[in-house]
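Some notes on the structure that comes next.
The values are calculated or read from the model by the stated rules, or taken from the named source; none is laboratory data. No experiment lies behind these values; they were computed from the predicted model shown. Using ideal geometry, Cβ is built from the backbone for each residue, glycine included, and neighbour counts are taken over all protein chains shown.
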Ligand code: BTN
């Protein structure tokens, strides 16, 4: 697979760059945009995403594909989990596609469509210290905090790109099942769902490999969700 790289020292957001420029990218290639630092990084649900120079992996994949965006996001989550595994850091997926280590968020994925391009933005906390992460309201961690070792961001980028490209080429039908294996720990948990404005306490009744979450409300009503935020 042809892979084309763009790297920026500082940029507002690699996803923003991808959105603006994707019509100029090679349609046959997997384009990889990385930045040492983002000044206006974006997360899911219009949140901001913090990054620090030399301490964060900020990357966007751009690909022309007819494949389902959620499936592509699942592949990215698997690739990211495999990178962590290669560093002997066990992780799981928190629905819909956050990466957790020891119950704390270490990485996230923001998938967006722009015309015929799919943009899959990935953020990973690499060398961030406790102080670096203290302003983030969620429970958060980094590779450094989990291992007390510093990591090369370039190496992590190359590992992630290699694994994601392999998964795309393989088109392995078992990927959804692998994703489910890593995400289904949530089933049976009592959680708070943040869907629109009002947080609601529910029990997760089931999760399917296409990412559909079924939750049971206090009045025994069931609701299917394809996206929301879960607070554990
Ligand atoms: C989330 O968990 O809310 C998703 C976070 C995604 C962050 C990445 S960093 C690279 C890319 N550029 C952005 O502005 N966001 C994504």
Can you find a residue that is farther than 22 Å from residue 47 by Cα, touching a helix residue (DSSP H, G or I) at 6+ places or on another chain (Cβ under 7 Å) and not in a strand (DSSP E or B) anywhere in the stretch 180-192? yes
I'm trying to understand the selection: among the residues of the stretch 117-128, which are more than 9 Å from the ligand (Cβ to nearest atom) and in contact (Cβ under 8 Å) with a residue 60 or more places away in the chain? 117, 125, 126, 127, 128
Only one of (1) in a helix (DSSP H, G or I); (2) closer than 16 Å to residue 74 by Cβ fails for residue 132. Which number is that? (2)
Would you mind stating whether residue 135 is more than 13 Å from the ligand (Cβ to nearest atom) and at pLDDT below 95? yes
If I filter the stretch 23-58 down to residues being under 30 Å from residue 196 (Cα atoms) and free of Cβ contacts under 8 Å to residues at least 12 places away in the same chain, which single residue comes out as nearest to the ligand (Cβ to nearest atom)? 47
For the stretch 206-227, name all the residues that are surrounded by 15 or more Cβ atoms within 10 Å (Cβ to Cβ) and farther than 16 Å from residue 93 by Cα. 214, 215, 216, 223, 225
Only one residue in 230, 153 is surrounded by 15 or more Cβ atoms within 10 Å (Cβ to Cβ), within 19 Å of the chain's Cα centre (by Cα) and within 15 Å of residue 99 (Cβ to Cβ). Which one? 230
